[in-house]
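Chemist: Please read through the structure below; I'll follow up with questions.
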Amino acid sequence: MTTQDDNAICRTDAVTLAARIRDRSLSAVEVTEAVLRRMEVLEPHIHAFCTPTPELAREAAAAIDRRISAGETVGPLAGVPIGIKDLVATRGILTAMGSPAYRDFIPDEDDISVERLRAAGAVIIGKTNVPEFGYSGVGHNPIFPTTRNPWNLALTPGGSSAGSGASVAAGVAPFAIGSDGGGSVRIPAAHSGLVGVKASMGRVALYPGCRDERYPGVSSWESLEHIGPMSRTVADAALMLSVITGPDPRDRLSIPAGDVDWIGAARASDLRGKRIAYSADWGYAAVDPEVRRVVGEAVRVFERDLGCIVEEAHPGWEDPYGAFWALVAQESDLTGMRRMAEKHGASMSPHLLAFLERDWKATEFTDANVVRKSVCNRMWRFMERYDLLLTPTLAVPPFPVHMQGPEVIEGRMVGSTQWLCFTFPLNMTGQPAASVPAGFTKDGLPVGLQIIGRHLADASVLSAAAAFEAARPWANRWPALLDELGL
């Protein structure tokens, strides 16, 4: 059974929890036990955690308390609970990646980001659920129960960081780590009413994933993928980024992060006079009318309340949807994954098998790279005129869990993944982007606003997100499910 004290702890942000654990007004063990009790109550409903790690969490929390009692210096996340996406390697903890092929896989090393989180004192409470190998924007796979949205259990929380989104939205952890190859941090942030940040390409070093030959068939999409935070507040996202960013020799694409004061950037700044572009649909996309309404109202806050100069404008590229998926195929271990499918195909996800069975041509890959260059060039020219670009994060609100995505949007027939049209182009360009809660539909479902910065302008994205958060606070709104369960 949870208690009122448990609920107070679970509704507290990571920045505050870290401070209270350091000043000993709360113990790491108290916090860990509170979130584990909440997990026990919620998991039968939301299925956010495919592999809970309660005993490891208790051991880590007790060790933090001993260090604090002994007067030792502890890291900035000491005692703060966190969920780790099940595509991210965790030493000694099952990392199944939603696939029957990795059902029993336990890595012998951590991902770089997990190394840094552990060193900072974060307490891992479990691995969060994903679609198979992350090749989807939702939360179902062949080996674990489908993750559900705490705002409405019949709907998806988005993916591929599905369990991370659901766990934070439900207050099981104040933040969680996700990975984003085509939007997979920002998608569940939008559908789950959260902050999700994709920092500039290379800010967070990535390893191992497909960069290690010991993991055949696992593809991390080297020039597309980012790892980033999902949280209820901008300050919590910045706190995590301050820990996990920075180069590492194991990632040849990693870059320095010292030019960004992550925590300072998350303080609301004066945006008056900033030039902001707003693209409601890229000039070509089908977008749900409720998304248009909610995001349009959010954009007006930047003009009316924050003093920005807002213009409706589009970068001007043609839809790069096909090129993006060709880039994914190019960066996938198609040989290893096809061998895997020969062995496990009968139990693998149908949409993943269809992707692997396609007869990809070399010209599709070269054409995709040409399209990518065009998108990048058009974007930098466009961003020369603007400080920030705003869009919806997704074209639709949350939809039923059994779907890959709606095939009719705004009365138009579309592909089942084209609702992701706003997220994946920013993986092609590599620039910073965050999703923040824009508001809610008439049915009470969360909608995300995407804030996009210039190349390497991570601080401007966080500052704008913090200013919007101050103008339109969201962290005090929780899913009705929690009231129904007494949480």
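The values are calculated or read from the model by the stated rules, or taken from the named source; none is laboratory data. Because the structure is predicted, anything quoted here is derived from the model rather than measured. Note that each Cβ is placed from the backbone with ideal geometry, even for glycine, and that neighbours are counted across all protein chains shown.
Chemist: If I filter segment 375-389 for residues that are in contact with a strand residue (DSSP E or B) (Cβ under 7 Å, 6 or more places away or on another chain), part of a loop (DSSP other than H, G, I, E, B) and of a type in the set (A, V, I, L, M, F, W, C), do I get at least one hit?
Modeler: The answer is no, given that none of the residues of segment 375-389 is in contact with a strand residue (DSSP E or B) (Cβ under 7 Å, 6 or more places away or on another chain), part of a loop (DSSP other than H, G, I, E, B) and of a type in the set (A, V, I, L, M, F, W, C).
Chemist: Across segment 94-120, what is the total count of residues that are under 21 Å from the mean Cα position of the chain (by Cα) and assigned to a loop (DSSP other than H, G, I, E, B)?
Modeler: The qualifying residues number 9.
Chemist: Here is a further query. Here are I125, I143: which of them is surrounded by fewer than 23 Cβ atoms within 10 Å (Cβ to Cβ), in contact with a Pro (Cβ under 6 Å, 6 or more places away or on another chain) and either at pLDDT 95 or above or among the acidic types (D, E) (or both)?
Modeler: Only one candidate qualifies: I143.
Chemist: If you don't mind, another one. Would you mind listing the helices (runs of 4 or more DSSP H) fully within segment 233-342 where at least 2 residues are charged (D, E, K, R) and over 23 Å from the mean Cα position of the chain (by Cα)?
Modeler: 289-304
Chemist: I'd like to check which helices (runs of 4 or more DSSP H) are fully inside segment 392-484 and have at least 3 residues that are aliphatic (A, V, I, L, M).
Modeler: Here the list reads 458-471, 480-484.
Chemist: Residue by residue through segment 262-290, note down the ones that are exposed (fewer than 15 other Cβ atoms within 10 Å of the Cβ) and among the charged types (D, E, K, R).
Modeler: D270, R272, R275
Chemist: Of all residues in segment 330-352, which are without any contact (Cβ under 8 Å) to a residue 40 or more places away in the chain and either over 17 Å from V130 (Cα atoms) or crowded, with 16+ Cβ neighbours inside 10 Å (or both)?
Modeler: Listed by number, the residues that qualify are Q330, L334, T335, R338, A341, E342, G345, A346.
Chemist: Hey, another quick one. I'd like to check something: does segment 63-71 contain any residue that is among the hydrophobic types (A, V, I, L, M, F, W, C), touching a helix residue (DSSP H, G or I) at 6+ places or on another chain (Cβ under 6 Å) and at pLDDT below 95?
Modeler: no
Chemist: Taking segment 430-480, which residues are without any contact (Cβ under 8 Å) to a residue 24 or more places away in the chain and not polar (S, T, N, Q)?
Modeler: P473
Chemist: Further, regarding this structure: Going residue by residue through segment 206-229, is there one that turns out to be in contact with a Phe, Trp or Tyr (Cβ under 9 Å, 6 or more places away or on another chain), modelled with pLDDT of 95 or more and outside any helix (DSSP H, G or I)?
Modeler: Yes, segment 206-229 has at least one match.
Chemist: Is one or more of the residues making up segment 289-311 among the β-branched types (V, I, T) and within 30 Å of V370 (Cβ to Cβ)?
Modeler: So far as segment 289-311 goes, no, none of its residues is among the β-branched types (V, I, T) and within 30 Å of V370 (Cβ to Cβ).
Chemist: Out of (1) surrounded by fewer than 16 Cβ atoms within 10 Å (Cβ to Cβ); (2) over 17 Å from I451 (Cβ atoms); (3) in contact with a Ser or Thr (Cβ under 9 Å, 6 or more places away or on another chain); (4) modelled with pLDDT under 95, the odd one out for R293 is which?
Modeler: (4)
Chemist: Hey, another quick one. What tally of residues in segment 253-295 results from selecting those that are among the polar types (S, T, N, Q) and over 27 Å from W317 (Cβ atoms)?
Modeler: 2
Chemist: Select from segment 121-137 the residues that are part of a loop (DSSP other than H, G, I, E, B) and hydrophobic (A, V, I, L, M, F, W, C) and list them in ascending order.
Modeler: Within segment 121-137, A122, V130 qualify.
Chemist: Another one. Please determine, by comparing only the residues of segment 1-27 that are out of contact with any Leu (no Cβ under 9 Å at 6 or more places or on another chain) and assigned to a helix (DSSP H, G or I), which one is farthest from P76 (Cα to Cα).
Modeler: Q4
Chemist: Do you know which residues across segment 429-454 are aliphatic (A, V, I, L, M) and surrounded by fewer than 24 Cβ atoms within 10 Å (Cβ to Cβ)?
Modeler: L445
Chemist: Here is a further query. Check whether at least one residue in segment 146-157 is closer than 23 Å to Y102 by Cα, free of Cβ contacts under 8 Å to residues at least 60 places away in the same chain and either aromatic (F, W, Y) or buried (at least 24 other Cβ atoms within 10 Å of the Cβ) (or both), and report yes or no.
Modeler: no
Chemist: What are the residues in segment 141-179 that are farther than 20 Å from L487 by Cβ, in a loop (DSSP other than H, G, I, E, B) and either among the aromatic types (F, W, Y) or under 16 Å from the mean Cα position of the chain (by Cα) (or both), if any?
Modeler: F144, T156, G158, G159, S160, S161 - these are the residues of segment 141-179 that are farther than 20 Å from L487 by Cβ, in a loop (DSSP other than H, G, I, E, B) and either among the aromatic types (F, W, Y) or under 16 Å from the mean Cα position of the chain (by Cα) (or both).
Chemist: Based on this model, can you work out whether G134 counts as of a type in the set (G, A, S), out of contact with any strand residue (DSSP E or B) (no Cβ under 6 Å at 6 or more places or on another chain), buried (at least 23 other Cβ atoms within 10 Å of the Cβ) and free of Cβ contacts under 8 Å to residues at least 60 places away in the same chain?
Modeler: For G134, the condition - of a type in the set (G, A, S), out of contact with any strand residue (DSSP E or B) (no Cβ under 6 Å at 6 or more places or on another chain), buried (at least 23 other Cβ atoms within 10 Å of the Cβ) and free of Cβ contacts under 8 Å to residues at least 60 places away in the same chain - is met.
Chemist: Only one of these conditions is not met by G182: (1) modelled with pLDDT of 95 or more; (2) in contact with a His (Cβ under 9 Å, 6 or more places away or on another chain); (3) assigned to a loop (DSSP other than H, G, I, E, B). Which number is it?
Modeler: Answer for G182: the failing condition is (2).
Chemist: Say we look at segment 47-80 and pick out the residues that are in contact with a strand residue (DSSP E or B) (Cβ under 7 Å, 6 or more places away or on another chain) and assigned to a loop (DSSP other than H, G, I, E, B); which of these is farthest from L481 (Cα to Cα)?
Modeler: Step by step, filter segment 47-80, then rank; the result is G79.
Chemist: Next question. In this structure, is R372 surrounded by 18 or more Cβ atoms within 10 Å (Cβ to Cβ), out of contact with any strand residue (DSSP E or B) (no Cβ under 6 Å at 6 or more places or on another chain) and in a helix (DSSP H, G or I)?
Modeler: yes
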